[in-house]
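Student: What follows is a structure written as structure tokens; I'll ask about it next.
Computed from the coordinates by the stated procedures, all read-outs in this text should not be read as laboratory data. Bear in mind that the values here come from a model prediction, so they are computed numbers and not experimental data. Don't worry about glycine lacking a Cβ; one is built from the backbone with ideal geometry, like all the others, and counts go over all protein chains shown.
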Amino acid sequence: MKKGFLWGGATAANQVEGAWNKDGKGPSTADMMTGGTHTQRRRITPILEEGTYYPSHEAIDFYSHYKKDIKLFAEMGFKTFRMSMNWSRIFPNGDDASPNEAGLKFYDDVFDELKKYNIEPFVTISHYETPFGLTKKYNGWVSREVIDCYVRYCETIFNRYKDKVQYWLTFNEINVLTLPGTLFSGAGALADGMESIDFSSEENDNAQMRFQALHHQFVASAKAVKLGHSINPDFKIGCMIAYMCNYPHTCNPDDMLLTQQTTQINNKFCSDIQVRGYYPGYGKRYLEDNGIEIKMLPEDEEILKEGTVDFYSFSYYMSLLVSSQPQGDTVGGNLMGGIKNPYLETTEWGWQVDPKGLRYTLNEVYDRYQIPVMIVENGLGAVDKVEEDGSIQDDYRIDYLRDHIIQMKEAIKDGVDLMGYTSWGCIDLVSVSSGEMKKRYGFIYVDKDNDGNGTLERKPKKSFNWYKKVIETNGENL
Ligand code: BG6
């Protein structure tokens with residue numbers, strides 16, 4: 001691994017911070033999402049229901065535990081910590097006249113604490129955390145007005161933290177909006193007359209609105225990149241894609257073609273725009289074929305061209321099969337599923353484990369863009385058992401991460417310019433898809449269950465010491 005490789009871990013504000021309404025914070029879209037389970041979907045509710053459990057409201061209370069948690073990250077030797085900022089902690093309604101000083105101060109404290117241990121903050125500006133005020137007033141990203149709110153938020157945090165943060169991601173997994181069922185969580189929209197809507201449900205999906213919202217995010221991202229560079233030319237600002245590695249089910253040319261088209265729309269469409277600065281031809285055809293007409297302003301083309309990103313980042317969890325024929329055996333994913341691959345195992349949550357798919361993906365991405373790449377999410381969601389002696393023997397997690405890191409090293413040998421690796425949920429946190437605590441990703445165990453009970457005590461798992469060694473030896477000792 002090259003010198004300065006960014007080893008670390010990743011989280012998102014809404015999944016760790018809690019303190020959802022403390023010190024002036026307003027509600028975000030994520031705060032309107034109920035708990036769920038592997039088999040029972042979370043719901044998004046337009047008003048908070050009395051007696052209903054909303055996991056983000058306390059999460060793991062990183063808000064008051066951040067010093068302890070960062071100390072543990074430092075013990076593992078983290079070079080970087082990927083975190084998101086809760087937009088509604090800074091602008092409680094999204095379009096307030098001035099920012100909330102207490103919110104800004106909280107992130108000052110977090111960045112200072114990281115600095116104490118020489119841990120580089122890696123900040124996602126928006127990680128499914130659109131202020132709910134913008135949902136109510138503008139129907140979220142469906143409206144163009146939200147672009148200006150986002151840019152003002154960026155201007156505020158870029159100016160405030162210009163000497164504390166160098167790495168930024170404009171939107172987490174921006175490409176999820178190409179998938180049906182993501183309008184209400186991803187773009188923070190409200191369905192007409194909605195009482196509540198299931199997370200990632202295709203009911204009430206509206207492709208026209210989804211792609212319009214996505215266009216607004218492209219413009220917002222490009223404006224943020226340009227603005228960021230003007231505030232601090234040393235800023236490195238990246239895109240972030242949920243990479244869904246697709247293989248054809250068979251060598252039938254129809255399967256091949258469908259795999260290519262699926263990969264183009266689900267994976268490459270957004271990064272083509274964010275890295276290259278224009279809508280690709282296959283994308284225009286897809287929109288036309290699906291009767292989607294995006295409203296653009298004449299200046300948008302120029303904005304996209306001027307706001308291309310400095311690096312490409314992505315999350316990687318699994319690969320999926322694509323078939324032109326209906327197939328019986330399917331597997332899950334948090335936002336999309338696919339056909340079962342007989343060569344691969346699945347996790348307890350039905351996610352297909354494919355380390356070699358990571359090498360394949362890294363090559364695909366780097367071949368296409370030739371800009372630095374960063375893996376900002378990868379990990380295993382699993383049930384952990386606390387043994388009688390208090391230890392957590394998570395060898396399955398070590399195996400998963402080791403296998404992926406081995407393939408990551410192969411990709412580097414293939415010539416990929418890789419900046420770093422941050423495993424997902426380095427400390428146990430709330431699952432996005434199920435709202436559970438039981439689906440754990442961490443090196444650090446947090447004592448809390450699905451219903452919110454527990455002491456919130458932190459405890460290193462076996463994987464904690466393993467990852468510490470990995471970082472210490474710069475990936476040699478796996
Ligand atoms: C990614 C998201 O899609 O997957 C994270 O960026 C999320 O926020 C992660 O937590 C894992 O998914 P889940 O559903 O297991 O939490």
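Student: Quote the Stokes-Einstein diffusion coefficient, in whole µm² s⁻¹, for the stretch 47-146, based on the Kirkwood radius over alpha carbon pairs, a temperature of 10 °C and a viscosity of 1.306 mPa s. Before the final figure, lay out the partial values.
Tutor: Values: Rh = 15.4 Å.
Taking Rh from Cα pairs, D becomes 103 µm²/s.
Student: Taking the dipole about the Cα centre of the stretch 206-308, with the C-beta of Lys and Arg at +1 and of Asp and Glu at -1, give me whichever of Y282, A224, N206 is farthest to the positive side.
Tutor: A224
Student: Let me ask something else about it. Taking the Cα centre as origin and putting +1 on Lys and Arg beta-carbons and -1 on Asp and Glu beta-carbons, what dipole magnitude results for the stretch 293-353, to the nearest 20 debye? Before the final figure, lay out the partial values.
Tutor: Details: 3 positive and 10 negative charges, 86 e Å.
Magnitude of the dipole: close to 420 debye.
Student: Using the membrane-span-like helix rule (whole DSSP H runs, Cα extent along the own axis of at least 20 Å, mean Kyte-Doolittle hydropathy at least -1.0), which helices of the chain qualify? Walk me through the intermediate numbers first.
Tutor: Values: long enough: 62-76 (21 Å, -0.51); 101-116 (22 Å, -0.73); 145-160 (23 Å, -0.07); 207-231 (35 Å, 0.10); 355-369 (22 Å, -1.21); 395-413 (27 Å, -0.77).
Those that pass (Cα extent of 20 Å or more, hydropathy at least -1.0) are 62-76, 101-116, 145-160, 207-231, 395-413.
Student: What is the sum of charges around E345, taking Lys and Arg as +1, Asp and Glu as -1, for the other residues whose C-beta is under 12 Å from the C-beta of E345?
Tutor: On the way: positive: K340; negative: E348, D354, D399, D403.
Within the 12 Å Cβ shell, the charges total -3.
Student: Sticking with this structure for a sec: For the ranges 369-376, 92-99, what's the packing order if you count other beta-carbon atoms within 10 Å of each residue, average per peptide, and put the highest first?
Tutor: On the way: 369-376: 20.4, 92-99: 16.2.
With the highest mean Cβ count within 10 Å placed first, the list reads 369-376, 92-99.
Student: If I take every Cα pair under 8 Å that is 6 or more residues apart in the chain, average their sequence separation and divide by the length, what percent do I get for the relative contact order? The partial results should precede the final answer.
Tutor: On the way: 1019 pairs, mean separation 81.5, N = 478.
In percent, rounded to a whole number, it is 17.
Student: Report the one residue of H127, L114, Q40 whose Cα lies farthest in the direction of the positive end of the charge dipole of the chain (charges on C-beta: Lys and Arg +1, Asp and Glu -1; origin at the Cα centre).
Tutor: Going by the charge dipole, the pick is L114.
Student: How would you order 353-362, 429-438 from highest to lowest mean count of nearby Cβ atoms within 10 Å?
Tutor: Result, highest mean first: 429-438, 353-362.
Student: What is the extension gain from Q370 to K71, computed as 0.36 nm multiplied by their sequence separation minus the C-alpha to C-alpha distance, in nm to one decimal?
Tutor: On the way: separation 299, 0.36 × 299 = 107.64 nm, distance 3.57 nm.
Length difference between fully extended and current span is 104.1 nm.
Student: Provide the net charge surrounding L456, with neighbours chosen by a C-beta distance below 13 Å and charges set as Lys +1, Arg +1, Asp -1, Glu -1. Present the calculation step by step, with values, prior to reporting the outcome.
Tutor: On the way: positive: K68, K448, R458, K459; negative: E17, E58, D61, D69, D428, D447, D449, E457.
With Lys, Arg at +1 and Asp, Glu at -1, the neighbours total -4.
Student: When the chain is fully extended, how far beyond the present Cα-Cα distance does T37 get from D395, taking 0.36 nm per residue of separation?
Tutor: Values: separation 358, 0.36 × 358 = 128.88 nm, distance 2.41 nm.
Residue separation times 0.36 nm, minus the Cα-Cα distance, leaves 126.5 nm.
Student: Given just the C-alpha atoms of the chain, how large is their convex hull per residue in cubic angstrom? Intermediate values should be presented prior to the final figure.
Tutor: On the way: hull volume 67.6 nm³, N = 478.
Expressed per residue, the convex hull around the Cα atoms of the chain is 141 Å³.
Student: To continue, here is another question. Taking the stretch 9-79, which chymotrypsin sites (Phe, Trp or Tyr not before Pro) meet the DSSP loop condition and have no more than 14 other C-beta atoms within 10 Å?
Tutor: On the way: sites: W20, Y53, F62, Y63, Y66, F73, F78; in loops: W20, Y53, F78.
Those satisfying the criteria are Y53.
Student: Under 13 Å from the Cβ of V151, count the other residues' Cβ atoms, weight Lys and Arg +1, Asp and Glu -1, and hand me the total. Mind showing how you got there, number by number?
Tutor: Details: positive: R144, R152, K223, K226; negative: D95, E145, D148, E155.
Cβ neighbours under 13 Å give a net charge of 0.
Student: Of the options V430, F314, I157, report the single residue whose Cα projects farthest towards the positive end of the charge dipole of the stretch 6-472 (beta-carbon charges: Lys, Arg +1; Asp, Glu -1).
Tutor: I157
Student: Further, regarding this structure: Give, as ranges by residue number, the residues of the stretch 1-34 whose backbone N falls under 13 Å from the point 7 Å along Cα→Cβ of L48.
Tutor: 18-34
Student: Related question: Under a Cβ-only charge scheme (Lys and Arg +1, Asp and Glu -1), can you give me the dipole magnitude of the chain about the Cα centre, in debye to the nearest 20? Write out the running numbers ahead of the final one.
Tutor: Details: 52 positive and 68 negative charges, 235 e Å.
Dipole magnitude for the chain comes out near 1120 debye.
Student: Here is a further query. How much length is gained if the chain between K137 and Q260 is pulled fully straight, taking 0.36 nm per residue apart and subtracting their Cα-Cα distance, in nm to one decimal? Let's see the in-between values first.
Tutor: Details: separation 123, 0.36 × 123 = 44.28 nm, distance 3.86 nm.
Taking K137 through Q260 to full extension adds about 40.4 nm, to one decimal.
Student: Starting from the Cα of K439, draw a straight line to each of the lysines and keep only those under 23 Å, dropping any in the same chain fewer than 8 residues away.
Tutor: Partners found: K68, K340, K385, K448, K459, K461, K462, K468.
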